[in-house]
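This report concerns only the one structure given below.
The values are calculated or read from the model by the stated rules, or taken from the named source; none is laboratory data. Note that the coordinates shown come from a computational prediction; the quantities given were computed from them, not determined experimentally. For neighbour counting, all protein chains shown are included, and Cβ atoms are generated from backbone atoms with ideal geometry for every residue, glycine included.
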Amino acid sequence: MSKDKVDIFDTTLRDGEQVPGCKLGTEQKLVIAERLEQLGVDIIEAGFPISSPGDFKSVSEVAKLVKNVTVCGLTRAVKKDIEVAAEALKHAKRPRIHTGIGTSESHIRHKFNSNKETIIERAVAAVKHAKSFVEDVEFFAEDAGRTDNEFLARICEELIKVGVTVLNIPDTTGYCLPEEYGAKIKYLKENVTGIHKATLSVHCHNDLGLATANSIAGASNGARQIECTINGIGERAGNTSLEEVVMVLRQHPTLNLDTNINSKLLYSTSQLVSREMGMIVQPNKAIVGANAFAHSSGIHQDGVIKHRETYEIIDPADVGVDESTIVLTARSGRAALAYRAKLVGYELTKLQLDEVYKEFLKYADLKKEVVDQDIHEIVEASSITLQNM
Ligand code: KIV
Ligand code: ZN
């Protein structure tokens, strides 16, 4: 059975770039956009055109540059925003306007000092206005995670009547539990008249560390677009991480979902974004962190050396990492030392290994990590004769 395709909507250049200190210039956005196109994303959200002349220019240049990807610009449900976004996107081969408004009690009352009927009117007017410029219009119901499902369904239904193409259901505050968020998507699928005319999209934040789980729950319940960023960067604790959702879908064929992403470019893309944004990738970050394929405890190292899959569920080559690494620490055993010693040119017999291992432990207790140069010193310092090897 062929898998259902899930569109990848990359918002590294918009939600990701909102992170303090991660602001990008137009040239940098172009470099990243080009790489995102090679990676195989379906939509690039290039910025928020009305927010600044710089962002307008970036969206406009990205729109001219990319050929096979939809380019999207964000707006509030405000006429002028939509007009400026349409102008920035006018050279795009496939333009999309992403407009929206807060729909939760808290947003309606405190942010807009408004009521549900007025919010629906504003949403409908925004989508209609955007449709007068482009065919492809996405609507975000901000704080949908805390919006009651009935109201969300009503607003979605009204927007489908005026031709919305994508309905984005953001968990803006990263509040939802996976079952709850999945159930929300299911509810919309089952209760919104005409829902087959629009794509449901998930946009999750990571305040409770649940962004990836929530996005997968949404896709499992019928969403066919996932909004995400490289390295999971984004407001506060970040957005759903692109590399994580892509690999979850690849590693779990029973979900019957896949994307167009060339996973072999994931690691280098992560490094590129990290460099351009000046934002380090945490070493234990899933898929692309420096330790994602590093093994340091003796038991794990022994297992991986005997059979990689004992402790690795992903082949590092599948995400563009050369190979797994065996890190030598005081927790490493003889198997790991013999393996690394061989890599630097010493084939040790069992007796030699016993001697070298004693010396190794002395070093390892003094150092966090034993590196190749140390291995040479350890072998020299141990009481074995190298000529015998
Ligand atoms: O998190 C959010 O709700 C957003 C919207 C602007 C889509 O980023
Ligand atoms: Zn967001």
*Within the group E27, E45, E37, which residue is charged (D, E, K, R), under 20 Å from the mean Cα position of the chain (by Cα) and either at pLDDT below 95 or away from ligand 2 (no atom under 16 Å from the Cβ) (or both)?*
E37
*Mind checking which residues of region 111-138 are within 16 Å of ligand 1 (Cβ to nearest atom) and over 14 Å from T172 (Cβ atoms)?*
F112, I119, R122, A123, A126, V127, A130, D136, V137, E138
_Looking at K67, K80, K90, can you tell me which residue is away from ligand 1 (no atom under 13 Å from the Cβ), under 23 Å from E17 (Cα atoms), of a type in the set (K, R) and in contact with an Asp or Glu (Cβ under 9 Å, 6 or more places away or on another chain)?_
K67
*Does region 189-204 contain at least one residue that is under 12 Å from the mean Cα position of the chain (by Cα) and under 23 Å from Q18 (Cβ atoms)?*
yes
*Can you tell which of A85, A92 is under 25 Å from the mean Cα position of the chain (by Cα), buried (at least 18 other Cβ atoms within 10 Å of the Cβ) and part of a helix (DSSP H, G or I)?*
A85
*In this structure, does F139 turn out to be assigned to a loop (DSSP other than H, G, I, E, B), of a type in the set (F, W, Y), assigned by TED's automatic domain parsing to the domain that holds G209 and closer than 28 Å to R94 by Cβ?*
no
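Residues checked against (1) in contact with a His (Cβ under 6 Å, 6 or more places away or on another chain); (2) more than 16 Å from ligand 1 (Cβ to nearest atom); (3) outside any helix (DSSP H, G or I); (4) of a type in the set (F, W, Y):
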position: S2; (1), (2), (3), (4): no, yes, yes, no
position: R14; (1), (2), (3), (4): no, no, yes, no
position: E17; (1), (2), (3), (4): no, no, no, no
position: G21; (1), (2), (3), (4): no, yes, yes, no
position: L24; (1), (2), (3), (4): no, yes, yes, no
position: K29; (1), (2), (3), (4): no, yes, no, no
position: E45; (1), (2), (3), (4): no, no, yes, no
position: F56; (1), (2), (3), (4): no, yes, no, yes
position: C72; (1), (2), (3), (4): yes, no, yes, no
*For region 18-62, what are the residues that are of a type in the set (G, A, S) and either closer than 18 Å to L89 by Cβ or buried (at least 24 other Cβ atoms within 10 Å of the Cβ) (or both)?*
A33, A46, G47, S51, S52, G54, S58, S60
*Report the residue count in region 105-120 for those that are part of a helix (DSSP H, G or I), surrounded by 14 or more Cβ atoms within 10 Å (Cβ to Cβ) and without any contact (Cβ under 8 Å) to a residue 24 or more places away in the chain.*
1
*For residues that are in contact with a Ser or Thr (Cβ under 6 Å, 6 or more places away or on another chain) and among the basic types (K, R), tally how many sit in region 50-85.*
1
*Only one of A341, A286, A336 is among the hydrophobic types (A, V, I, L, M, F, W, C), in contact with a strand residue (DSSP E or B) (Cβ under 8 Å, 6 or more places away or on another chain) and surrounded by 19 or more Cβ atoms within 10 Å (Cβ to Cβ); which?*
A336
